[in-house]
Amino acid sequence: MATLKEKQKKLQEVENQIKVLQEQFDSSMNEKEDLVNTMALTQARLIRAGKLTFALGDEQVRWEESVALFEQEIINVVGNVFVAAACVAYYGAFTSHYRQLLIDQWITQCQNLNIPISSTFSLINILGDQYVIRQWNAEGLPRDTVSTENGILVTEGHRWPLMIDPQDQANRWIRSKEAKHGLKVIKLTDSGFLRTLENAISMGVPVLLEELKETLDPALEPVLLKQTFVAGGRTMIRLGDSDIDYDKNFRFYMTTKMANPHYLPEVCIKVTIINFTVTKSGLEDQLLSDVVRLESPHLEEQRNELIVRINADRSQLKDIEDRILKLLFTSKGNILDNEELVQTLQESKAIKHRLEEAEATELMINSARERYRPVATRGSVLYFVVASLSEIDPMYQFSLKYFKHLFNSTIETSEQSTVLEERLQILLNQILLNSYINVSRGLFEQHKLIYSFMLCVEIMRQRGEISDGEWWRFLKGNSFSLIGHFEASLNPEKWKGYVSEFPSLEESIKEKREMKGYWNERLGSFQKLVLIKTTEFVIVNLGKEFVENPPVDLANLYNDMSPTTPLIFILSTGSDPMGAFQHQNGDFSVFFRVEAISLGQGQGPIAEKMIHSALTSGNWVFLQNCHLAVSWMLAMEELIKTFTESDTSVHENFRLFLSSMPTKVFPVTVLQNSIKVTNEPPKGLRANMRRAFTEITSSFFERHILGRQWRKIVFGICFFHAIIQERKKFGPLGWNIRYEFNDSDRECALLNLNLYCKDGTIPWDALVYITGEITYGGRVTDAWDQRCLRTILKGFFSPETLQPGYTYSPSGVYYAPESDELEQYKKYIENLPIIDDPEVFGMHENANLAFQRQETITLINTILDVNPRSSAQHGAKSNDDIVCELAELILAKLPGTLTPHRFTCTSISVTAETLHYYTHSFSPCFHWFVLSFVSL
């Protein structure tokens, strides 16, 4: 037992030792594990520290830049916020140029008052959010600076926005922006617009009130002034005679299509007026996208995808940067253990790298897109010329949508070329020509040359070939520099700098001397125009086709029409498009039935039923004399708008034709989205003859028993008709009374000619009497004009005109061709001079002076009316500068102030004589006023 106990004791000691060793082992293992964990943690922290240091290095740069920027902004915050508030309140109605002038003046005033403000103030930087702006761009807001500023004014203004929106840009943006919120669109002409507005206010739904005029409905005043009140813990507003709940999510937008509305002050103080009129740079960017989309679709698709990706990355980057700051602020313990922070920094780094690559790719794509920039620039220049035509006549309305359709269709149908430079030149020429043809056919003859001239000048100004100083010198002439007598010497040898002979141009250039003479070689075409004001300027710079009337026939017009695009005949005195319409409609009448109605009192509902019926049957409807149905114009506008609505079924063969005299009450929306054509005699002998022979058929002209004599007689009648029409341009020298001869007179004369000559004989006495005394003479009331008409008729319609070699003018330029084919006559007409010589009218060369002077005055006055009255740039004097200069010159010439003790009869007489001397060349009213004032 003792041995057993001893052994057990030893065993116990061994077990105790083992236990101690086990504890030591476990402790060592735990220590080892702790060391391993510590090593792993330290290693992980080292890795995170490297990542953190590397990632925070970039953040440090950004933070340092932000801190410096914020420190500067904190200093300038008072002035910046003050001017930003002023911008939101005041400058929305102005154009970009005036906006910048206002900001410059406000900044200068703040600096004078020692108010800290940033010298590079930008409303976009102060109130804009880049993420929100990118969202606006995706929703359809143009990317130019003015449009972005307008977006800020719409969203940041305290008052509801009223947007001047002639091109529908703001309308489309608001519709897209608020579509997800259930936008309601109303008009003041809607019968239930107040009920819709009430429901929207109570439910917090946005409302768009479109097509406003210059007055607002008084029922809108509580909404505009936000006259809310609290009753029973609910926010209410009184609308009409009832109180309704006012939801804070309610938004109210207003748009007007008027390009230059005049709102009374009581309207302006209730709303924020914002000018959304398209800018040249904004339109240029839009057209560039269209050009690239049509010419290089893959390039535009790649760019659009890249923009979406960049916007998403920038948005994500902004969120990550905010999360980084939050994690740093809320981090506890060792920052190296915050795996989320390190991971977020890594994501930020990756997104930045991706953004850099995407932006580099975007630069490459943009450089490729920029090759098409000249085409977009040309389109932008052309549109603003077309848009300015509405200042000439209210019927000349062309929407941006119409112009874009014309622009894009021209690109699609123009001649192709694999060489980019050739393709660009083709596009530039074709877009210019198509813009001229499609627009000029809807202009009156007196305005077509003005349109061509404006196109030519604006293109040359854009290219830098015409300076602003030259342009305003042409329009307004020299500014007043001297008032008084003009002293001239009749002996040129006494003139300063007079030389008898000019050195050669080459010697002057080589020796770098002052050049004298050789103006024809030294001056450009526009500089010559400034001196001589000739209409050949357009032919030299654009081409002959831009001073000719484009051929217009129903077949070509029909190709441009659609079931939703009407055709409008703009009437002039004595014109009747119905005859030409019926004549040209012969090819189509087999397939379509035309229903015509002349509008007037009580005819509106009948016309409406006719249109509704034709929409389903596919007939054509012709509404004549729309200007006589003023009260029905609004209903007609609403009816035509329904053509484009998705719930309206329109037959593919349906077409709508309208005719109207120029009137301001014709709906602008219908004019902007329609095809317009005038129906008046063309301007010039050549154009008149071309139109006449376009309407003559080959069977009528070539297959007659009289043969060549018949063709000469027909040509003579047409030429006589052109002559008596064109004599009107000479004023009283042409006709004592301005007679409105039209195409029906020529058609009647040709019908009589055919009737009397069908048996092969020519009864000259009867034909001369009927043509001179009845067909044409029936319109002539003045005895001297009747005598003149008979004399002119003998030169074109008599037996002598059938003799070989007979000419209509002494120069021999005008004659009846010795040919038997209609096409030969047409070729001869195409080769006639564009500018008519007075000799063919039997008049002296000086007869052109009065005509050309009147044409020049009309041209310049019309262009001055169209051009905006803005401050001059690039050295040209503004209107204010010219007026101030003239006033200072007048004041300098006036005598000193008369004191009472010197005010005698003698001084009055001397003063009156002096004022008469200095003011006799001014306006008679001004001259009389000054002398009358002194004589009191």
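Filtered by the rule that a residue be among the hydrophobic types (A, V, I, L, M, F, W, C) and either open to solvent by 40 Å² or more (accessible area, probe 1.4 Å) or under 20 Å from Ala358 (Cβ atoms) (or both), the range 289-309 gives Val292, Leu294, Leu299, Leu306, Ile307, Val308. In this structure, Leu220 qualifies as assigned to a helix (DSSP H, G or I), at pLDDT 85 or above and either open to solvent by less than 30 Å² (accessible area, probe 1.4 Å) or of a type in the set (Val, Ile, Thr) (or both).
Residues checked against (1) open to solvent by less than 20 Å² (accessible area, probe 1.4 Å); (2) within 26 Å of Leu634 (Cα to Cα); (3) modelled with pLDDT of 90 or more:
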| residue | (1), (2), (3) |
| --- | --- |
| Ile152 | yes, no, yes |
| Leu162 | yes, yes, yes |
| Ile174 | yes, yes, yes |
| Thr189 | no, yes, no |
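Kindly indicate whether Val132 is open to solvent by 10 Å² or more (accessible area, probe 1.4 Å), touching a Gly at 6+ places or on another chain (Cβ under 7 Å) and among the β-branched types (Val, Ile, Thr). When the stated conditions are applied, Val132 does not pass them. Scanning the range 191-208 for residues that are surrounded by fewer than 17 Cβ atoms within 10 Å (Cβ to Cβ) and not in a helix (DSSP H, G or I) gives Ser191, Gly192, Gly204. Going through (1) polar (S, T, N, Q); (2) open to solvent by 40 Å² or more (accessible area, probe 1.4 Å); (3) modelled with pLDDT of 90 or more; (4) assigned to a helix (DSSP H, G or I) one by one, Asn125 falls short only on (3).
Would a scan of the range 323-332 turn up a residue that is more than 23 Å from the chain's Cα centre (by Cα), assigned to a helix (DSSP H, G or I) and buried (at least 18 other Cβ atoms within 10 Å of the Cβ)? Within the range 323-332, one or more residues are more than 23 Å from the chain's Cα centre (by Cα), assigned to a helix (DSSP H, G or I) and buried (at least 18 other Cβ atoms within 10 Å of the Cβ).
For the range 753-869, the helices (runs of 4 or more DSSP H) that sit wholly inside it and include 3 or more residues that are open to solvent by 80 Å² or more (accessible area, probe 1.4 Å) are 783-796, 847-866.
The residues listed here are Ser660, Ser631, Ser674; of these, the one that is open to solvent by 40 Å² or more (accessible area, probe 1.4 Å), on the phi < 0 side of the Ramachandran plot and either touching a Lys or Arg at 6+ places or on another chain (Cβ under 7 Å) or not charged (D, E, K, R) (or both) is Ser631. Scanning the range 107-128 for residues being under 18 Å from Leu69 (Cα atoms) and without any contact (Cβ under 8 Å) to a residue 24 or more places away in the chain gives a total of 4. Here Leu264 meets each of (1) under 29 Å from Glu357 (Cβ atoms); (2) among the aliphatic types (A, V, I, L, M); (3) open to solvent by 50 Å² or more (accessible area, probe 1.4 Å) with one exception, condition (1). Looking at the range 645-657, can you tell me whether even one residue there is over 30 Å from Pro838 (Cβ atoms) and either assigned to a helix (DSSP H, G or I) or under 25 Å from the mean Cα position of the chain (by Cα) (or both)? Within the range 645-657, none of the residues are over 30 Å from Pro838 (Cβ atoms) and either assigned to a helix (DSSP H, G or I) or under 25 Å from the mean Cα position of the chain (by Cα) (or both). Close Cβ contacts (under 7 Å, 6 or more residues apart or on different chains) running from residues in the range 690-705 that are over 15 Å from Glu747 (Cα atoms) to residues that are surrounded by 14 or more Cβ atoms within 10 Å (Cβ to Cβ) and not basic (Lys, Arg) comprise Ser698/Leu822; Glu702/Leu822; His704/Trp710.
With respect to Glu211, is the statement that it is out of contact with any His (no Cβ under 8 Å at 6 or more places or on another chain), at positive phi and open to solvent by 30 Å² or more (accessible area, probe 1.4 Å) true? For Glu211, the condition - out of contact with any His (no Cβ under 8 Å at 6 or more places or on another chain), at positive phi and open to solvent by 30 Å² or more (accessible area, probe 1.4 Å) - is met.
The values are calculated or read from the model by the stated rules, or taken from the named source; none is laboratory data. Note that the structure is a prediction, hence the values are computed from the model and not measured. We place every Cβ from the backbone using ideal geometry, glycine too, and count neighbours over all the protein chains shown. With ligands, DNA and RNA removed, areas are computed over all heavy atoms of the protein, side chains included. Shrake-Rupley method; radii C 1.70, N 1.55, O 1.52, S 1.80 Å.
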